[in-house]
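The values are calculated or read from the model by the stated rules, or taken from the named source; none is laboratory data. Remember, it's a predicted structure, so these values are computed and weren't measured experimentally. All Cβ positions, glycine included, derive from the backbone under ideal geometry; neighbour counts span all protein chains shown. Quick note on the areas: whole protein, heavy atoms, side chains included, nothing else; ligands and nucleic acids left out. Shrake-Rupley method; radii C 1.70, N 1.55, O 1.52, S 1.80 Å.
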Amino acid sequence: MIHLEIAGAVAVATLARPPVNAIDEEWIKGLHEVLAKTGSARVLLVRSSEKTFSAGADLALMRARFDSEAGRAAMVAFARAMQRAYARLETSPLVSIAEIGGAAMGGGLELALACDLRIASAEAKLGLPEARLGLLPATGEAANQTASS
């Protein structure tokens, strides 16, 4: 899911959930583990092993869950778990850098925005496609404030 390598003061977290680094509960758990294992690193580089930085939340998972009341409740819990993971990254003492070589969409873009710095290639595509559906991005700072209220 997310591989961590540490060399001196630099930790490199490589997103590795083919084909598009879609986010699910295991992926979120992996991000928490990465943040817990950075040790004495001062910098965290977040990159991807795929063409896509991250396409955001796993759409198949979302579709399957919206069919029932329990599934919708699970999606709310999932969004809150993403919020906690991204808030942890955002408030980490590490200098975090998102290396965006391909698409960063939805929750993938929000992951990049939780980093201190973002470096995007000329081919990168950034977007929040949920806005076209009338939905708010689920993991950003405004969502964090709403979830904690």
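In this structure, residue 121 and residue 80 have a Cβ-Cβ separation that, at R0 = 30 Å, corresponds to a calculated FRET efficiency of about 0.40. Based on the Cβ-Cβ distance of residue 130 and residue 6, what FRET efficiency does E = 1/(1 + (r/R0)^6) give at R0 = 25 Å, to the nearest 0.05? Working from the Cβ atoms, E equals 0.15.
In percent, rounded to a whole number, the relative contact order of region 30-132 is 32, using alpha-carbon pairs under 8 Å and six or more apart.
Here's the list of lysines a cross-link from residue 37 could span, going by alpha-carbon distance under 22 Å and ignoring same-chain residues fewer than 8 apart: 29. Between region 19-85 and region 89-103, what is the C-alpha centre distance in whole Å? When both Cα centres are located, 14 Å separates them. Inter-label distance, residue 66 to residue 92: 3.1 nm, where each label sits 7 Å from its Cα along the C-beta direction. Charges were assigned to the Cβ only: +1 to each Lys and Arg, -1 to each Asp and Glu. The resulting dipole of region 34-75 about its Cα centre is roughly 260 debye. Accessible surface computed residue by residue for the chain, with neighbouring protein chains in place and a 1.4 Å probe, gives 54 Å² per residue.
Under 22 Å of direct C-alpha separation, and excluding same-chain neighbours fewer than eight residues apart, residue 125 reaches these lysines: 51.
Any chance you could give the angle, 0 to 90 degrees and rounded to 10, that helix 69-91 forms with the longest Cα principal axis of the chain? For helix 69-91, the angle is close to 20 degrees. Per-residue ellipticity at 222 nm computed for the chain from its helices equals -12000 deg cm²/dmol, with DSSP H segments shorter than 4 residues left out and the rest contributing -39,500 (n - 2.57).
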